[in-house]
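Since the structure comes first, as structure tokens, the remarks are kept for the end.
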Amino acid sequence: MKRLAVLAALAAAAAMPALSADQRALSTTQTAPTVRANPAIIGSMILFDCVVRGAPVEFPNDIVILNKGPGTVPSGYKIKWEAPSVNPYRSGLYTFGAPLAPQGHVFLSNVLPGGMAAEMPCKVTAMK
């Protein structure tokens with residue numbers, strides 16, 4: 001009985017059409033999909049850095065928002081800045097009046113009460 005089942009399986013396999021060399025290669029090898037970055041998307045990424053800086057030099061009352069991304073921040077773009085280590089907590093909204101190129105910065109004067117150490121980080125969040 002086993003012999004008959006084996007013969008039937010061999011006959012069924014023989015009746016199947018033969019695979020071409022390309023089909024055999026595809027069925028035996030697997031390749032990882034290629035992932036390509038879209039330059040238009042990368043070029044439009046908007047990343048910010050925010051630090052306490054200004055006058056007086058040691059304990060300024062100003063902040064600087066820097067464009068650390070590869071893309072230009074468009075005019076009209078809105079952000080929220082926060083200085084959580086200030087007592088009392090300080091935050092504000094800012095709308096870019098002109099495009100800001102990569103590595104460019106905006107200076108927000110007198111937005112802090114003063115007394116913060118220069119170069120202390122603050123936080124920036126995009127408003128949607």
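Taking amide H positions as modeled 1.01 Å from N, with prolines and chain starts lacking one, the residues under 5 Å from G69 and 5 or more places away or on another chain are L47, Q103.
Taking amide H as placed 1.01 Å from N in the peptide plane, the amide H of R53 sits under 5 Å from that of D62, I63, V64, E119, each at least 5 places away or on another chain.
For the range 103-120, backbone nitrogen atoms closer than 13 Å to the point 7 Å from A55 Cα along Cα-to-C-beta are found at 109-110. Each residue of the range 72-77 is assigned a 3J(HN,Hα), and the resulting list reads 7, 6, x, 4, x, 5 Hz, derived from the Karplus form 6.51 cos²θ - 1.76 cosθ + 1.60 (θ = phi - 60°), x at Gly and Pro.
Ranking L47, L108 from most to least accessible surface, computed with a 1.4 Å probe over the protein chains only, gives L47, L108. Count Lys and Arg as plus one, Asp and Glu as minus one, and take only other residues whose Cβ is under 14 Å from that of F59; the net charge is then -2.
Close amide H contacts of R90 (hydrogens built in the peptide plane, cut-off under 5 Å, sequence separation of 5 or more or a different chain): A83. With both labels modelled 7 Å from their Cα along Cα-to-Cβ, the L93 to K68 distance reads 2.5 nm. Per-residue 3J(HN,Hα) values for the range 90-102, derived from phi via the Karplus relation 6.51 cos²θ - 1.76 cosθ + 1.60 with θ = phi - 60°, read 10, 8, x, 10, 9, 10, 5, x, 8, x, 10, 5, x Hz in sequence order (x marks Gly and Pro).
The values are calculated or read from the model by the stated rules, or taken from the named source; none is laboratory data. Computed from a predicted model, the values in this text were never measured in an experiment. Reconstructed Cβ throughout: ideal geometry from the backbone, glycine too, with neighbour counts over all protein chains shown. Areas reflect the complete protein model, heavy atoms only, side chains present, ligands, DNA and RNA absent. Shrake-Rupley method; radii C 1.70, N 1.55, O 1.52, S 1.80 Å.
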